[in-house]
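So the structure is just underneath, and the comments pick up after that.
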Amino acid sequence: MTNRCTLQLTVLLCLTGAALSVNYGKLRFKLRSSNSACQTLLWQLITSPQHCLDDRMDFQIPRQVEQPQQFQKEEAMVVMYEMLQQIHTIFRRSFSNAGWNETIVEKLLEELDDQMDCLETALEEIKQEGKFPWENRTALRLKTYYLGILQYLKAKFYGRCAWTVVQVEIFRNVSFLNGLIGALQD
Amino acid sequence: MLWARRAVAIRLASLYLMVHVGPSLGAPQASLASSDESCIFSLTLRNFRPILSWELKNRSIVPAHYTLRHTIMSKGADLELVPGCANITRPSCDVTHAWRSLVEMYLPWVIGSRGSTTLVNCVGKVSPVLEMILEPPEFEIVGFVDHINVILKFPPSLPKLPPGEGLWLRLSLAIEEESEGIVRQHLLKIDERTTGNFTYVIDKLIPNMNYCVSVYLKSENLSKLLRSPWKCARLLPRAESVSSESASIGALMSLFVMAAVVGGALTVLKRIGYICLRSKFPKVLNFDGVAIWAFPKLPPLEAVAVAEVIHIHRKRKVWDYSYDDESDGDEEAAPRASGGGYTLHGLAVRALCPESPSSATLGGSEEAESLMAPGPEPEPWPAERTSGAYEGKGAWGAQCTSGASEEEGTWGAQHTSEASEEEGTWPADPFPREDSGPTKSPGDRIFFNVDLNSVLVRVPDGDDSEAPAVVCLPEETVDSDDPEDSASGPEDAPSDENDTARSDVGIGNGYMMR
């Protein structure tokens, strides 16, 4: 009788764990496809950058983001979520800038939202699993990084070339996100 | 506010210097500011080397020389001349050492000139992640029975770049094999060791099938890929050599079996004589020296004494339904002598030989019908006696099988041997009767009883000078209803005494002439 109960509990826990565990393969596929769409949309936004050579700025993104191989998948998810969230914030401030194709911007924001939704679900799961990296320095550095971008825009009075430079920088961010997606291995 | 005013002043000054002083300093006449977007740039990764090529939208303009410069947008770097791409005649340039990061956005600047005239001043933006085309490597395929060798031709060495840099990083090679609509993909990781000719084996294939192979480079970050043209090969059938060997072995076996069967059949046919008949017959069958008339000679005819047979015709007495006279039997029994030694009941035989030892009278009341002159029906004895001399020289043979001859011999009841030449030797009657002893009568005629069943009389042919042997029965009268008078078979004749009693009268029952 005791053995029977133990067996049933074990099966129940396994099934629950299987249901709650992150499907990283599916997450990778969804993130990568959405990320590819973001790249394409950003590329369409960037026009005549050769005229903004003088407004170019090295915002100095954290090097860990440039080398995602060192991240655990839980850290990678946290980093990714932070980046997506910041990018979304930056582009929400661009509605006031005339001259942009608003359709492209709306689509870009939708893609960013979709990625964040997928990551939120996964982050909740790893939070329940107790694997959430509460002390992630990369995430804190990213906050500083994106703050500087916002200050640049402000300083550039949200000029066209400033925005062009920021678009180019975000375009690079999306490429870094692809690297981070590769870190989400089972 | 003060800072913005200073920035504007600096820009105006640099522009003035660029326009007026720049040409004197050797700076290109063309400026980036005056550039346009009249070129279409394309980046291709070929043999792990990024090649930037450009094409003028206005194809009528054909510069003689090209100069390529570039910069990136992430940093405030100056426009740099790409090494090896100054005053080039081809509209392409190897940017392996200039462009090393996939995530950067590069700004190429091309100035096309002819002589001192600037014909083209174009700039563009290129992102390797989005636009770099991964050109597949060259390859060859060799098909076997159940596998295909894919020979990939990679460059002898990879570009030497700092670790983590290079546009060909994190690439994988995909090899697809297709057969009857089914596609299988094989992935090969490319790293610094992937150099030179590389052979990849696609195994577990079905023999005698057509397979097509295509290769392409693949990357997680790079979206644009170029598939190579399909190269197809038909695999060899399985055990082709084995089948050919087995076919040859089978053919040899078949020939051997056929030869054995044919030889056996020929041997059997020869044994049974169907073919290759012997021309050498046994000696006994050799009739070369034998006369054509090969029939054996008939044995010599048995000497048969020619005897004169005297027919005795008996008149058949018709019964008149009177029972008065009973002297018929007596009359019948009594022999009636006739002239010339003839008896009515006997077969008178006149022996030609005087010393006939015995004689026998043919007697018996039986009537012996003449068989020498067969008629359609037995006829009554004629009254007249037709005499016929049966002249026997003394050699009688009851069942004489020998040929007729005039040899003198002895009489025999059933004498099958040749007659002896004893003249006048009459054989003893095998069925002697009381009165069977021969009695000589005048005229040298001997009368004796003869069992016609045992008499074989041969009628000589026409050439014989002797009188034909004709058996004549003595004439006598016979009752029509007398069963004893009827011509009976030989079973009645021999041992009956009554017959003996009547033997001197004539031929008794059972006597018949053959």
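Here, each number is a calculation from the coordinates, and none is a lab measurement. Keep in mind the model is a prediction, meaning the values are calculated, not measured. Glycine gets a Cβ as well: all are built from the backbone with ideal geometry, and neighbour counts include every protein chain shown.
Over 21 Å between C-alpha atoms is what I'm after, so list which of A:Lys73/A:Lys127; A:Lys30/A:Lys73; A:Lys30/B:Lys218; A:Lys154/B:Lys125; A:Lys73/B:Lys224; A:Lys107/B:Lys125 land there.
A:Lys154/B:Lys125; A:Lys73/B:Lys224; A:Lys107/B:Lys125
By average Cβ neighbour count within 10 Å, what is the ranking of B:164-177, B:84-97 from highest down?
For the peptides B:164-177, B:84-97, the packing ranking is B:164-177, B:84-97.
Hey, got the average number of other protein chain Cβ atoms within 10 angstrom for residues in A:56-68?
2
Counting Lys and Arg as +1 and Asp and Glu as -1, what is the net charge of the other residues whose Cβ lies under 15 Å from the Cβ of A:Trp43?
Here the charged neighbours net out to -1.
For A:Val105, what is the net charge nearby, where nearby means another residue's Cβ is under 14 Å from its Cβ and Lys, Arg count +1, Asp, Glu -1?
It works out to a net charge of -2.
What nm distance separates the two modelled labels at B:Thr118 and A:Asp54, each placed 7 Å from Cα along Cα→Cβ?
That separation, rounded to one decimal, is 1.8 nm.
When you count, for each residue, the other Cβ atoms within 10 Å and take the mean per peptide, how do B:141-153, A:77-89 rank with the highest first?
Highest mean packing first, the order is A:77-89, B:141-153.
How much length is gained if the chain between B:Ala239 and B:Asn210 is pulled fully straight, taking 0.36 nm per residue apart and subtracting their Cα-Cα distance, in nm to one decimal?
Full-extension gain reported as 8.7 nm.
Calculated FRET efficiency, A:Leu150 and B:Arg193, Cβ-Cβ r, R0 45 Å, to nearest 0.05?
Here the calculated transfer efficiency is 0.50.
For the range A:75-131 and the range B:205-219, what is the separation of their Cα centres, given in Å?
The range A:75-131 and the range B:205-219 have Cα centres separated by 41 Å.
With each pseudo-label sitting 7 Å past Cα toward Cβ, what's the B:Val261-B:Val284 distance in nm, one decimal?
4.1
What is the average number of partner chain Cβ atoms found within 10 Å of a Cβ in B:70-79?
Per-residue shielding by partner chains comes out at 5.
Could you size up the charge dipole of the range A:23-182 around its Cα centre, putting +1 on the beta carbon of Lys and Arg and -1 on that of Asp and Glu, and report it in debye to the nearest 20?
My answer is approximately 340 debye.
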